[in-house]
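The values are calculated or read from the model by the stated rules, or taken from the named source; none is laboratory data. Nothing here was measured: the structure is a model prediction, and the numbers come from that model. Note that each Cβ is placed from the backbone with ideal geometry, even for glycine, and that neighbours are counted across all protein chains shown.
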Amino acid sequence: MGISVKLQAFEGPLDLLLHLIDKNKVSIYDIPIAMITEQYMEYVNQMDKEDLNVVSEFLVMAATLLDIKSRMLLPKEVNEEGEEEDPRAELVAKLLEYKLFKYMAYELKDKQVDAQKAFYKPSTVPPEVEAYKPPVNLEELVGDTTLAKLNAIFKDVLKRKEEKVDPIRSKFGKIEKEEVSMSEKLVEIKEYLMTHSQFSFREMLEGNTSKIAIIVAFLVILELIKTGFVTVSQEGTCADIDITVIKNPELIEDLEDE
């Protein structure tokens with residue numbers, strides 16, 4: 001079935017296919033490949049063959065249409081999910097995408113045309129008039145508001161603020177990270193060893209309330225045990241750790257420099 005196609009300028013092969021689909025009033029999801037291919041080839045045969053760049057694009061699409069046409073004559077292929085594949089599916093996706101961008105271009109062009117009709121008029125208001133601010137009438141602003149009404153409004157605002165406060169989390173204290181270095185704790189323990197030859201670990205930690213301070217002190221004692229300055233003993237699993245000084249604490253300065 002032939003159709004008279006005017007040799008108008010199309011933007012590309014997809015543009016020509018959309019024109020033929022609209023011309024024949026067929027669904028883009030169910031393209032009659034045989035008829036569209038025949039009409040497409042009629043247009044290509046009437047094209048100016050001198051511009052090879054343009055003709056080559058249309059010939060590639062012609063080859064694609066012929067390939068789809070031949071594949072539709074063969075038994076339909078089945079994909080991994082057991083569904084029959086339509087040879088036109090890829091072409092339909094390209095046409096829909098091209099149609100979307102084409103109509104978006106039309107919208108942008110319309111906006112550009114409408115924008116050319118808009119004109120901007122610079123402000124001609126004198127600076128004195130622009131800087132003028134009308135006086136505020138306090139009596140009109142306050143109206144019938146009294147001190148009693150303002151007090152009620154104030155209490156209502158405070159009440160809403162109190163309702164937003166978490167009754168539990170609001171009582172939590174501020175958690176701050178306490179920095180305790182090994183060198184500082186070593187100096188402190190050294191001074192303690194100078195006046196105590198035998199003591200318990202609990203006695204040495206009196207006044208150290210933070211967990212990090214206790215941990216660092218324990219690490220320092222371990223280092224002193226390893227270097228032979230003190231020995232420790234414990235009678236039971238939960239009993240106090242007894243510490244005995246067996247080496248002059250003044251030599252701990254050498255340990256600090258290591």
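Look through VAL220, VAL230 and report the one residue that is out of contact with any strand residue (DSSP E or B) (no Cβ under 8 Å at 6 or more places or on another chain), at pLDDT 75 or above and under 19 Å from PRO249 (Cβ atoms). Give the derivation first.
On the way: VAL230 fails: out of contact with any strand residue (DSSP E or B) (no Cβ under 8 Å at 6 or more places or on another chain).
After applying the criteria, what remains is VAL220.
Every residue in the stretch 183-202 that is among the charged types (D, E, K, R) and either within 51 Å of the chain's Cα centre (by Cα) or under 15 Å from PHE218 (Cβ atoms) (or both), please.
Once the filter is applied, which keeps residues that are among the charged types (D, E, K, R) and either within 51 Å of the chain's Cα centre (by Cα) or under 15 Å from PHE218 (Cβ atoms) (or both), the stretch 183-202 yields GLU184, LYS185, GLU188, ARG202.
State all residues of the stretch 57-82 that are farther than 30 Å from ASN45 by Cβ and more than 38 Å from the chain's Cα centre (by Cα); if no residue qualifies, say none.
Within the stretch 57-82, PRO75, LYS76, GLU77, VAL78, GLY82 qualify.
Just to verify a result, which residue in the stretch 202-225, among those that are among the charged types (D, E, K, R) and assigned to a helix (DSSP H, G or I), is nearest to MET182 (Cα to Cα)?
GLU223
As an exercise: evaluate TYR120 against (1) within 18 Å of LEU18 (Cα to Cα); (2) part of a loop (DSSP other than H, G, I, E, B); (3) not β-branched (Val, Ile, Thr) and give the number of the one condition it does not meet.
Exception for TYR120: condition (1).
Are any of the residues in the stretch 117-130 at pLDDT 85 or above, of a type in the set (Gly, Ala, Ser) and out of contact with any strand residue (DSSP E or B) (no Cβ under 9 Å at 6 or more places or on another chain)?
no
Of everything in the stretch 97-123, what is hydrophobic (A, V, I, L, M, F, W, C) and more than 35 Å from the chain's Cα centre (by Cα)? Give them in sequence order.
Hits for the stretch 97-123 are VAL113, ALA118, PHE119.
I'd like to check which helices (runs of 4 or more DSSP H) are fully inside the stretch 1-84 and have at least 3 residues that are farther than 23 Å from LYS102 by Cα and modelled with pLDDT of 85 or more.
33-45, 52-73
For every residue, the table says whether it meets (1) under 18 Å from ASP15 (Cα atoms); (2) in contact with a His (Cβ under 9 Å, 6 or more places away or on another chain); (3) among the hydrophobic types (A, V, I, L, M, F, W, C); (4) assigned by TED's automatic domain parsing to the domain that holds PRO32.
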| residue | (1), (2), (3), (4) |
| --- | --- |
| VAL54 | yes, no, yes, yes |
| THR64 | yes, no, no, yes |
| LYS76 | no, no, no, yes |
| GLU83 | no, no, no, yes |
| PRO87 | no, no, no, yes |
| LYS99 | yes, no, no, yes |
| GLU107 | yes, no, no, yes |
